[in-house]
Each structure stands twice: as structure tokens, then as C-alpha cells.
1. Return the long-range amide H neighbours of Ile75 (sequence gap of 5 or more, or a different chain), with a cut-off of under 5 Å between placed amide H atoms.
2. Taking the beta-carbon count within 10 Å as an exposure proxy, list Thr122, Thr50 from fewest neighbours to most.
3. Tell me, what HN-Hα J-couplings in whole Hz come from the Karplus equation 6.51 cos²θ - 1.76 cosθ + 1.60 at θ = phi - 60° for each residue of the stretch 63-75, using x for Gly and Pro?
4. Amide H of Phe128: which non-local residues (sequence gap of 5 or more, or other chain) have their own amide H closer than 5 Å, using H built in the peptide plane?
Amino acid sequence: MIRGLMMGMVSAAAVTLSAAAFAQDDRFGTAQEARAMLDKVVAAVKADKTKALDMFNKGEGGFRDRELYPFCFNISDGKIVAVGNPNTLGLLGLDRGTLGAAPRALGLAVYDAAQKPEGEITEVSYLFPKPGAGADAKIPVPKASFVTRVGDLGCGVGYYK
């Protein structure tokens, strides 16, 4: 009887610890939160494109949440016009096609996703280093971005899987 009770307690502890180990790390946004931010991005661009791009670049108005942030580029020439990540503001004005090898392929995939009809959302998967990963900060991990066309812009929001 005591042995059965002990086994039950050990099993319950194992299930509890397993659930905690696989729980979403709240330091990083979820796919649902990224998609919700993209919906907010679309509404902001449609309401006032200039103001929206300024807010995205400054991370204001709820457009920077942990590592979730919007990015936008011109459909016509691929030039990056907004990026909510303060570490990559140097990309503003660059053509997504002039980036290095891996970012260039990512830039092309994101650009292709934005060529679809307005309102259609595409999830683009790729590998990207995760912020705050300490010694592993340069090791790419799975990430995805929801991308859509908004008028003459392609916009997206990415999240770590």
C-alpha cells in the first residue's frame, strides 16, 4: 500500500515537472501574440501609415513586446522602412535583397510572402539567434514570421518557436 502511494506521488511529481519544463517561456511571445500584433500593425498602417511606421521604429504604442516587434518594407523596391527591434535599426533604408547570405534568403522569402493578395497572411519559418541566450546567443534557433501585404507595404511580426 505504501509502495503504491509512493509510486503515485513520484508519478504526480514527474507529470508536474514535465509540464513546467515544457511550458511557454514567458520572456518570449507566442505565435498567437505575434499574430495579434500583426493584426494591430495592419490596422495602424491603414489608419495612418506615416504615424504607424514611426511608432514601429520607436517601439511605441504596444509595438514592442519582449522580442515581438513589427517590420515593414516597400513592396515596390524591397527597402526596409520599419523595424521595431532597436538592435537592427541600422537596416532601415536597406533593400532586403542586399543583406548577407542567410538574411538575404530570409528577405526574399518574406518579400515573396508579401506579394500575395492583401489580407492573406503567410507564415515564413527560418532560423535566427535568440536574444538573451547567453553563450548560445549566436546559435540560430527556429523562428517564424507572419507576413502580409498592407497597401504598398509588406509587414510582419516574428516569434520564436
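1. Counting only residues 5 or more places away or on other chains, the set is Leu153, Gly154.
2. Thr50, Thr122
3. 9, 8, 9, 6, 9, 8, 7, x, 9, 9, 8, 6, 5
4. HN-HN under 5 Å from Phe128: Val141, Lys143.
Every number here is computed from the coordinates shown, using simple stated rules; none is lab data. Keep in mind the model is a prediction, meaning the values are calculated, not measured. Reconstructed Cβ throughout: ideal geometry from the backbone, glycine too, with neighbour counts over all protein chains shown.
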